[in-house]
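Data block below; observations after.
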Amino acid sequence: MSIALYPGTFDPVTNGHLDVLSRACRLFDEVIVAVSAENSPKQTAFDLETRVALVRENLESHANAKVESFGGLLVDYARKKSASVLVRGLRAVSDFEYEFQMAQMNRHLDSELETIFLMPNEKYFYTSSQLIKQVHLYGDRETNLVPRNVLDALRSLSLKNKTSG
Ligand code: PNS
């Protein structure tokens, strides 16, 4: 049985992530979306529970996918889950340096774990959680780049930001 991990911060999950997930689900028997807990260098807008829930609510059409959170080193979590592959999305060339470094480090830590890169549909080449959050912090646009539950969550987040302080 081929098990792949699709790790990330998913702050929040976007249609680009879900597009990559669909592709991974066609290639592997099981795909575990692994949402990083405290072990990502990024400061998150959504707490861990919310990031996991926002992914989970979009898994209906992915029968062989599930979502979990993980802490510690990714390679250790992969071994615990008997996963032999890490899936990462690759959009523009600008992603490459960061992805290459991570893949090399993970290979250094566990030479049996393979990283594969999947390209999302080109309509998501410039979709990033970071830019989506900016759009919703400063405005309220339906971009069609995030699923409905994420749009709602972004709206209530920016509402909270605007009313606090
Ligand atoms: O979506 P992101 O933020 O690019 O995902 C980064 C993530 C969570 C995959 C990465 O930070 C990670 O693997 N964190 C776990 C800690 C770890 O194993 N670090 C070494 C990997 S080089």
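The values are calculated or read from the model by the stated rules, or taken from the named source; none is laboratory data. This structure is a prediction, so every number in the text was calculated from the model and none was measured. Remember, those area values only see protein heavy atoms, side chains included, never the ligands or the DNA or RNA. Shrake-Rupley method; radii C 1.70, N 1.55, O 1.52, S 1.80 Å.
Table for the structure above
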{"item": "Average accessible surface area per residue within segment 3-45, 1.4 Å rolling probe, Å²", "result": "37"}
{"item": "Residues with amide H under 5 Å from that of residue 67, placed H, sequence gap 5 or more", "result": "33"}
{"item": "For the chain, built as a Gaussian network whose Cα springs stay under 10 Å, the top-fluctuating residue of 61, 22, 82", "result": "61"}
{"item": "Hits among lysines - C-alpha to C-alpha of residue 81 under 18 Å, sequence gap 8 or more where chains match", "result": "66"}
{"item": "Length-normalised contact order of the chain in % [C-alpha pairs under 8 Å, at least 6 apart]", "result": "29"}
{"item": "Within a Gaussian network of the chain (alpha carbon springs, distance under 10 Å), most fluctuating of 86, 27, 151", "result": "27"}
{"item": "Distance from segment 107-134 to segment 5-54 (C-alpha centre basis), Å", "result": "10"}
{"item": "Under 16 Å from residue 133, Cα to Cα: lysines that are on another chain or at least 8 residues apart", "result": "42, 160, 162"}
{"item": "Cα coordinate range in segment 1-131, projected on the principal axes (Å, largest first)", "result": "33, 32, 28"}
{"item": "Karplus-derived HN-Hα couplings along segment 60-72 (A = 6.51, B = -1.76, C = 1.60, θ = phi - 60°), whole Hz, x at Gly and Pro", "result": "3, 8, 10, 4, 9, 10, 9, 10, 9, 9, 9, x, x"}
{"item": "Highest-MSF residue in the chain out of 63, 103, 37 [GNM, Cα springs under 10 Å]", "result": "63"}
